Amino acid sequence: VVLLISACGKETPTPQTVTVTLESNPTTGYSWQAEQTEELFKIDSSYSENEHPEGMVGVGGNETFTFTPLKAGKTEVTLTYARPWEGGEQADQVVYVFEIDNDLQVKMINGYSTGVDEPIPAPTPNIT
């Protein structure tokens with residue numbers, strides 16, 4: 001006996017993804033850490049070093065975060081640039097509030113940033 005269950009023509013929507021790219025320089029000991037108030041996103045990150053002459057050290061780059069929605073709801077995502085082993089001494093912080101609907105489509109409600117010396121502009125996330 002084979003039981004086949006189908007959605008009867010109902011297409012499963014493709015979840016939108018959100019990407020945010022931030023300047024980073026891990027040679028200073030600082031790194032970006034992501035936290036969310038509600039676990040609504042799967043969060044992945046990758047780092048790419050800026051082009052530089054061979055042998056040059058202390059070169060910065062960009063850290064890119066990709067948020068893939070897992071379920072509907074509203075969450076605040078905080079990205080903190082800090083030295084984790086120093087008790088959380090932070091240099092910068094970027095905060096986004098996202099709303100995810102039942103079709104896993106994402107809407108940014110708010111975005112702002114803070115900095116130790118002065119606020120940095122909150123990069124506009126790319127929602128695709």
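No value in this document is a laboratory result; all are computed from the given coordinates. Small disclaimer: the values here were computed from a predicted structure and weren't measured. Note: ideal-geometry Cβ built from the backbone for every residue, glycine included; neighbour counts use all protein chains shown.
So if we plug the beta-carbon distance of Leu70 and Thr27 into 1/(1 + (r/R0)^6) with R0 = 35 Å, what FRET efficiency do we get, rounded to 0.05?
FRET efficiency, Leu70 to Thr27: 0.55.
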(request) Can you tell me the FRET efficiency between Asp101 and Asn62 if r is taken as the Cβ-Cβ distance and R0 is 35 Å, rounded to the nearest 0.05? (result) 0.75
(message) Test of understanding: express the Cα radius of gyration of the stretch 15-128 as a ratio to 2.2 N^0.38 Å, with N the residue count.
(response) 1.13
(message) Per residue of the stretch 37-46, what does 6.51 cos²θ - 1.76 cosθ + 1.60 with θ = phi - 60° give for ³J(HN,Hα)? Whole Hz please, x for Gly and Pro, Karplus curve as stated.
(response) 5, 10, 6, 9, 10, 8, 10, 10, 9, 9
